[in-house]
Structure formats: C-alpha cells, structure tokens
Amino acid sequence: MNTVNIPQLGEVARAVEQLRDVQVIVAQRQEAMQVVIDNVAATGDQTRAELQALMARFDHFARQEELRHNLQVAHTELIEVRQRLEREFGHFDEVRRLATGTLQALDAGIVSRAAMRRLSEELMLLTPRYWLAPALVGLAAWVRDDADLAFRALAEAVRRDHDKTSLFFAIVLRRNGRDAAAVRWIRQYVVRQDPARLHREFVVVLDAVSCGVFGQEAKQVVLAETARWVERLSDDAAVVDRQVDRWAVALDSLRRPIDPRYQVLPSISPTWPQLKELYEGATVHGSALELLRSVFAGAVPLSADLRERVDTILDGLVTNHDAEEAPLRRAEAEKQAVIDARGDEQAALAALRHSDPARDVTTDFLTMISNAGIHPEESGASPGTRRFAIAAGKDWITQAAGRLEVRNTTAVPQVVDLVLEGWQGRVDGTADEDALAADLGRHIDAETERAVAQVRFVGKPLALAVSGALALVLALGTALGGDAGSAIFFLLVAAALGGWSCLLGRGIPARREELRRQGRERKAIAVARLRGGLAELVDLHRDWQAALAVAPELRDHLAGLDSSAFALNAPDQRRGL
Amino acid sequence: MPRPMLGNTSATSSRLSGPRATTASNARHRVSTTKRSREYQDALRALDTSGHVGAVDLSRLVDDVRREFDDAHCTTPFGIVSRCYLGEPYEVHTLALDHSILEHYELGRPLPGGLERARPVAVSAVYAAVEVYADRLVCVRLDGSVVALGSEA
C-alpha cells in the first residue's frame, strides 16, 4: 500500500509553488524580451525613415545645386547675348531714335535742315544694310525738296526692306496729313503681303487700325484685305484647327485650383484625382469670362493727338526687331526663360514652346491674330490690338471653350470609389447614403466581432484548465481506489492548475468589452467620415455644375464681340469734329 | 493573283466607313460650324421616336437633315449618333446618311463603322446629337450651336 507522508506533500506543494514562480519569471522575461524586440524593430524603422529623409534631403540639395548652376550660367550667357546684340545691332538704336526725333523736330521747326541732312547721312554711313538709314536720308531730302536725292534714298530703302519702308512712309505721310499718298503706300504694302507668311511687323498695321491711326480709306483697305485673308485661310481646316487648339491650351491654362475645404473626400476616394481634374477643368469658362471682361474693361489709353498716336506706332515699327536680329533675340528669350523658371530648364523649354508661335519670324494671319490675343507682349500688340484680335478670333475661342467643355463632360467618372477602414464602396447613379453607411457599419461590426472572437479561453489557460481537470479525475480515481494520499496530491495539483487557469482567464470579458468599445468608436468615426465625404461629393458636383454653367455665358459674351467696333476712328476723322 | 469572287468583300462592314460612302461632292470638304436650324433639330428629335415612323416619314426626315448641309454648301456627315430616349435597354441611335438607315443600339452593343467614337459625347444630356465626319466629330448642343472636335477626336 502506497503511503504519502505529510512532509512529502509539503515538498510537492513547495515544488509546485516554485514551478509557478519560475513560470511567472519566464513570462516576465518573455515580456521583457518582447519589449526589447519591439524596441529593436522601432529603431530599425526609425533608421530607415531617417535614411529616407536623408536621401530626400540629398536629392533636394542636388536639385537645388543644379538649378543654382543653371541660373548662374543663364545669367552669364544672357549678358553675353545682350552684349552681342548691343555690339552688332546697338547702332540701330541711334537710327531709330533719329526717326521720331526728325519728325518731332519738323513739328517744332527748330532744327536746321542742314543738321538733319548731316546727321541722317552720317548714320547712313554707320549702319550698312539697315533699311531705316536711307529712309531717313530720303525723309530729310523730302523736307528740303531735294527730289533727286529723295528718290535715290527711297529706292535704296525699298531695296533693303520693301515692306517696312512702305509702312514707314505710309505712317509718316499720314502723320503729316498726306492721306492720299499714305493710302497708296499702305495699299502697296498690303497687296504685297502673303497672308500665309506675314512678317512680325504686320502687327504694327493691326495696331494702326485698332488705334485709329490710319485714315478712313486706309483703314478700309486694310480691313477689306484682311477679311479676304481670313476667309481664304479659314478654308484650310488645319490652319483653323491650329488656332482653336492654341486657344484651347491658353484657356486650359486659366484653371482655378480646387477649394482646399475638400479634405475628407480626397482621403477616402481613390477617384479623387479624376474628380479634381474634372472640377478644375470646368473652371476655365469662368476664368476666361473674367479675363475677357478685364481685357475689355474701360477705354484703351490713347492720346487724343493723332501725331502722338502715330509716333507710338512708328516707335513700334522701328523698334520691332529686324529679321537679322532674330537668332540672337531667340537666344536672349531662351536665357531669360531659364532665369524666369529659376534655373529649371525643362519648365523654361515648356514655357518657350507655349509662346513659340509669337516669336516666329513669319506667321500666317490667323496665327498672328491669335498671338496678339494670347501673347500680346511677345507679339508686340497694344491693348487695343489685343481687343481687336480677340474679337476677330472669337469663333476660335468659342470653339476652343466648346472642345474643353466636351472633354470635361465626357470625363465624368461613372463610379466614385470609396475606401476606408478596409471597406470598399462605390457611388454610382443608384447609390444611397444610408445604405452605404449601413454597409460600412456592418463591415466594422464584423471586424470587431472577429477581433472579440480572437480573445478566447484558449492556449495556456485552456491547457492549464484541461490539466487541472485531468488531475481532478485522477484525484477522484485514486480517492475511489482508497489511496487518500494520492487523491489529496492530485486534488492539490488540480486546485493549483485550476487557480492558475482562472488567474489567466480572468481578464477576458474586460478585454472583449474594451475591443467592443473601440469598435463602436471606430464605427462612429468611419461613418462620420463617410457621410462627410459624401457631403463633399455632393458639394463638388454642385460646384462643378455651377462652373460649367458659365460656359453658355462665355459663348454669349464672345458672340457679342464685334471686331470692327475695335478698329477705332482716327481722332481727326470722328463724326462731329 | 486570283480576282476576288463576287460577294466576298466585307461590304456590310465598310458601309459606314467614311466619306467615300457619302454622296457629298469632293469639292465640299468644309465642315459646317454654324448654328443648326430649327428644322434640322426638329428632324433629329423626330428620329428618336422613329420606332413608329414609316419609311416615307424617315426619308422626309433624312431629307431635312441633308438639306441642312446642302444649303450651307458643306460636307455631309456620314453618320449621326444621338442619345436614345426610347428607354431601356436602348442607349443611342444612329442615322447612316448614305443609306438612310436608322438603328437603335442597346447598352454595350458597339456601333459600326467609326461611329463608336461619338458615343461618349452622344450619351451626354448636354448634346442633342453628334455628327460623324471622316476626320472629326461635330457636337450639336440642345440650342443648335455646335462644337467641332479636332481631327484627333
């Protein structure tokens, strides 16, 4: 018969106690180890993040350095190009100044004809190949009534640059009230032009028409001829298409950025970039309308004195860069573009390409009108000419806005996707806010329940409980077998294991409750974000419709423009004067 | 090389394939961009209910449509695509001007002969119809004004 004495039982109980202590220590060490592992992982993440930040800073630094270098080089080269321009064409400036100087001296009558002759002939010697020098010699000869020299000088000027000379004398004669002769010059000039290859100086003619510098007859000659050109060139669909495309690009650059109050939708919808593009694309109509209104607001600043107006136009003609300067002017524009783009050569190239047609040496008449409307500064068009050009090109602008509108309305996404908290939803024509919110709620509830279900009476507590139960069975078995000692021993083991299991399983309901509470919070926040996002979607749709609704207004505004209304009458030929 | 046998060419598929199939004079390549007339718009609207229109009425409507371009001395589109208001399952209908054929298309059924590219615009409620030319589309707004899309469209 097996007997267990009390001291032995005491030892077993101590051993179990020690075992428990050891297990507690092991569990504590495990926890400490876990903390260390977590720390190491966190340090790794932090190191990676710091490395990435360092790389980003390095890239940024390298880019800044590159931009700085480009900017420096562009500055240096710009100075060189300007020096070359000054060296090779700088003396043109003197001749140019002499042109208006001579005319104004004639008005005042305070300069001797001999001085005029001497100066103009001197400049003739100093500026070979330049058309304006013989033209001024001719002008001085005309003033002196030296017909022979005037004719020879004129022939030389015409030989050097027929068009500019014709235009120069047309304007000078008009300035001096010789209207009939001015009309002959202007007619000669206009019929010589090829509307498919006009030189840049033609914009001076447009200026003269829009500012009312030409007399009634000369204005009609220009308007009738240009109307024929427009009709002829408009037969070529490709030429018209080019203008419409250019206006479309110009209008598209007027986009307004989306309101920054849209915060939730961008964070929950992968469709956001399309929605943003859609809205911003629709804003061009409003911006274009505003631009048109500002261009046409108020009166064009014009002098009431014909002579002052003519001098402005004449300045435009003589300072308008000549063809031989074009390569250097082009280089100058390139360097300037790099400086404007703070050293970013790609951006500079893009900007140049955008305004390229305005720099071409020759253009067709339709492109010239577009240039005057889109890039008035580059093409040398005055504010009055810009109005005239926009009114003349209104059909292209209307078509361009129409194309942007078609592109915009056909880009409406059929479905707006939503992703939040691992849930995916979509808004289409039949979507219902409550149904979407309920679906999201169900998704989060299901996730919460899954998380709650993970917190179960499994693993170590379950193993301890099962072992405890086994010990209890053994205790019962040995007790029935009459072995009181073993029964007590197993009973103690069962009690110890059961106690331990209870200890471990005690926190489960509280943890479950905590998870449920977190789930409820998460659901409330997610549903609020979803509803906020949907509200923003409704707002965005309304804003988009409002932006697009300006399109007909823009069309009406454009339809109301009449180019002939922007070809002003000369101050000496107004009715009632 | 053997001569192709009669009937083995894809006559039906090339029926709508471009200006060769139209009766427009080669001299008139200009696409009309002026506002479309009231008669033209009425004819387009009438086509939508033409599930019940007889052959005589259809040819009269087609004549109205053709007259719009003939009067302006402009090229005639080879097809017109419009949104269909007959209801499900129909989405758009097409009028092939060369053969005066009107056909309604269900959602998802592709349009033949280069007309499909007009579909995205035609289904929009902003446009009454889309005229399809060999190299471009012209969208007709509800008020009759038009937008000619470039040759890339």
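Rule-based calculations on the coordinates, nothing more; no lab input. This structure is a prediction, so every number in the text was calculated from the model and none was measured. Don't worry about glycine lacking a Cβ; one is built from the backbone with ideal geometry, like all the others, and counts go over all protein chains shown.
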The stretch A:453-518: Rg/Rh from Cα coordinates, Kirkwood Rh?
1.21
For the stretch A:156-195, how big is the tail of P(r) above 15 Å, as a whole percent of Cα pairs?
36
How big is the stretch A:94-179 in terms of Cα radius of gyration and Dmax, in angstroms?
11.7, 33
Estimate the FRET efficiency between residue A:290 and residue A:506 by the formula 1/(1 + (r/R0)^6), using the beta-carbon distance for r and 56 Å for R0, to the nearest 0.05.
0.20
Estimated inter-spin distance, residue B:37 and residue A:549, nm [label 7 Å along Cα→Cβ]
3.4
If you average the C-alpha positions of the stretch A:12-27 and of the stretch A:440-509 separately, how far apart do those two centres end up, in angstrom?
18
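What length, rounded to one decimal in nm, is gained on full extension from residue A:51 through to residue A:8, with 0.36 nm per residue of separation minus their alpha-carbon distance?
Difference between extended and current length: 9.2 nm.
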Equivalent ellipsoid semi-axes for chain A, as square roots of 5 times the alpha carbon gyration tensor eigenvalues: give them largest first, rounded to whole Å.
92, 30, 15
What nm value, rounded to one decimal, do you get for the distance between residue A:17 and residue A:362 when each label is placed 7 Å out toward the C-beta?
11.3
Determine the calculated [θ] at 222 nm for chain A from helices alone, applying -39500 (n - 2.57) to every DSSP H run no shorter than 4 residues and normalising by the residue count; nearest 500 deg cm²/dmol.
-26000 deg cm²/dmol
Roughly what % of Cα-Cα distances in the stretch A:170-234 sit above 13 Å, to the whole percent?
61
What list do you get for A:368, A:116, A:55 if you sort them by fewest beta carbons within 10 Å?
A:55, A:116, A:368
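Evaluate the relative contact order of chain A (contact order divided by residue number), counting alpha-carbon pairs under 8 angstrom at least 6 apart; express in whole percent.
In percent, rounded to a whole number, it is 20.
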Taking the convex hull of the alpha-carbon atoms of the stretch A:26-112 and averaging its shadow over every direction gives an area in square nanometres of 11.1
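What's the Kirkwood radius of the stretch B:30-121 in Å, using all Cα pairs?
Radius from the Kirkwood sum: 13.7 Å.
Decide, for the stretch A:400-531, between rounded, prolate and oblate: order the square roots of the alpha carbon gyration tensor eigenvalues as a ≥ b ≥ c, take rounded if a/c falls under 1.5, and otherwise choose prolate if a/b is larger than b/c, else oblate.
prolate
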Treat each spin label as a single point 7 Å out from the Cα along the C-beta direction, and report the residue A:59 to residue A:336 distance in nm.
3.5
Mean Kyte hydropathy of 1.6 or more with a Cα span along the axis of at least 27 Å, helices from DSSP in chain A:
A:460-480, A:484-505
Taking just the C-alpha trace of the stretch A:414-462, give me its Rg and Dmax in Å.
16.2, 54
